[in-house]
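A.B. asks: For reference, the structure I am asking about is given below.
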Amino acid sequence: MAFKEIVTKAVIGKAKKTSSNDFTMQTAEVPTTVLGCWVINHTFSGSKGDNKVNINGSFDVNVWYSYDTDSKTAVSTQKYSYTDAMMVPLKDNSNLSSASDIIVRCLKQPTVSNVTIEDGLVKLSIEKELGVEVVGEAKVKINVEEDEDDYVEVYDDDIVDEAIEEIDEQYLDEPSTDTEN
């Protein structure tokens, strides 16, 4: 029984993390009531850090609020940036190297989980869940059959034509020289 080692790209580490961050928004007017808020334009990317994956991202938050004792409404928009560091356990003594590919996926889009008005400012708590896959080189051992030649031999048409021309068509018609006793 023989084995061969194949070096290939494979997922060598995978992790997910749910995080909640608090943000503050200054609106043009002093808000009385928050009528709604939503998160849009979420972008992110991952990069190798010191034995961890750093995720840099940003999103826009829109807050719809009333002011002037709930007689008027307005919408304020602000862009927020974040940085998350994630420890990703690696399989089979693999290393996070410069050749590793970092794939980041958003498993749960950022959403506003809590919003309050304090001292004329809108306070927001935003939750999100990100997943990270680290793709790197991995070795796989496979069982191979003995060195058996499994190729089918083919011939050029010219060689086949020459062999056909050399066939003695009278071979079967000739009397046999064998004698039987």
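A.B. asks: Considering only residues that are among the small types (Gly, Ala, Ser) and farther than 21 Å from Leu107 by Cβ, which ones fall in the range 11-51?
C.D. replies: Result: Ala28, Gly36.
A.B. asks: Can I ask one more? Looking at the range 99-125, I want the residues that are within 22 Å of Asp60 (Cβ to Cβ) and have a partner that is aromatic (Phe, Trp, Tyr) and surrounded by 12 or more Cβ atoms within 10 Å (Cβ to Cβ) with Cβ atoms under 6 Å, at least 6 apart or on another chain. Which pairs are those?
C.D. replies: Hits for this filter: Val104/Phe44; Pro110/Phe59; Leu124/Phe23.
A.B. asks: Got a number for residues in the range 119-159 being more than 30 Å from Thr24 (Cβ to Cβ) and under 23 Å from the mean Cα position of the chain (by Cα)?
C.D. replies: Qualifying residue count, the range 119-159: 8.
A.B. asks: Please count how many residues of the range 51-69 are touching a Lys or Arg at 6+ places or on another chain (Cβ under 9 Å), in contact (Cβ under 8 Å) with a residue 40 or more places away in the chain and over 22 Å from Ser19 (Cα atoms).
C.D. replies: Within the range 51-69, residues that are touching a Lys or Arg at 6+ places or on another chain (Cβ under 9 Å), in contact (Cβ under 8 Å) with a residue 40 or more places away in the chain and over 22 Å from Ser19 (Cα atoms) number 0.
A.B. asks: Hey, another quick one. Could you please give the count of residues in the range 94-149 that are among the hydroxyl-bearing types (Ser, Thr, Tyr) and surrounded by 15 or more Cβ atoms within 10 Å (Cβ to Cβ)?
C.D. replies: Number of matching residues: 2.
A.B. asks: Is it the case that the range 106-118 has a residue that's within 30 Å of Met25 (Cβ to Cβ) and among the small types (Gly, Ala, Ser)?
C.D. replies: So far as the range 106-118 goes, yes, one or more of its residues are within 30 Å of Met25 (Cβ to Cβ) and among the small types (Gly, Ala, Ser).
A.B. asks: Could I ask something else about it? Scan the range 97-126 residue by residue and report those that are within 14 Å of Tyr65 (Cα to Cα) and not basic (Lys, Arg).
C.D. replies: Matches in the range 97-126: Val115, Thr116, Ile117, Glu118, Gly120, Leu121, Val122, Leu124.
A.B. asks: Exactly one of (1) touching a residue at least 40 places away in the same chain (Cβ under 8 Å); (2) farther than 24 Å from Gly13 by Cα; (3) hydrophobic (A, V, I, L, M, F, W, C) is unmet by Ile159. Its number?
C.D. replies: Among (1) touching a residue at least 40 places away in the same chain (Cβ under 8 Å); (2) farther than 24 Å from Gly13 by Cα; (3) hydrophobic (A, V, I, L, M, F, W, C), the lone unmet condition for Ile159 is (1).
A.B. asks: Show the residue pairs that are 6+ apart or on different chains and have beta-carbon atoms under 9 Å apart, the first residue being within the range 1-12 and polar (S, T, N, Q), the second being surrounded by 10 or more Cβ atoms within 10 Å (Cβ to Cβ).
C.D. replies: Final answer for the pair search is Thr8/Glu137; Thr8/Ala138; Thr8/Lys139; Thr8/Val140.
A.B. asks: Go through (1) free of Cβ contacts under 8 Å to residues at least 60 places away in the same chain; (2) exposed (fewer than 15 other Cβ atoms within 10 Å of the Cβ); (3) under 30 Å from Lys139 (Cα atoms); (4) not hydrophobic (A, V, I, L, M, F, W, C) one by one and return the number of the condition Lys48 breaks.
C.D. replies: Exception for Lys48: condition (2).
A.B. asks: Considering each of Lys91, Lys79, Lys72 in turn, give the residue that is surrounded by 11 or more Cβ atoms within 10 Å (Cβ to Cβ), of a type outside the set (Gly, Ala, Ser) and within 30 Å of Ser20 (Cα to Cα).
C.D. replies: Result of the check over Lys91, Lys79, Lys72: Lys91.
Bear in mind that the values in this text are calculations on the coordinates, not laboratory data. Note that this is a predicted model, so its numbers are computed, not measured. Note: ideal-geometry Cβ built from the backbone for every residue, glycine included; neighbour counts use all protein chains shown.
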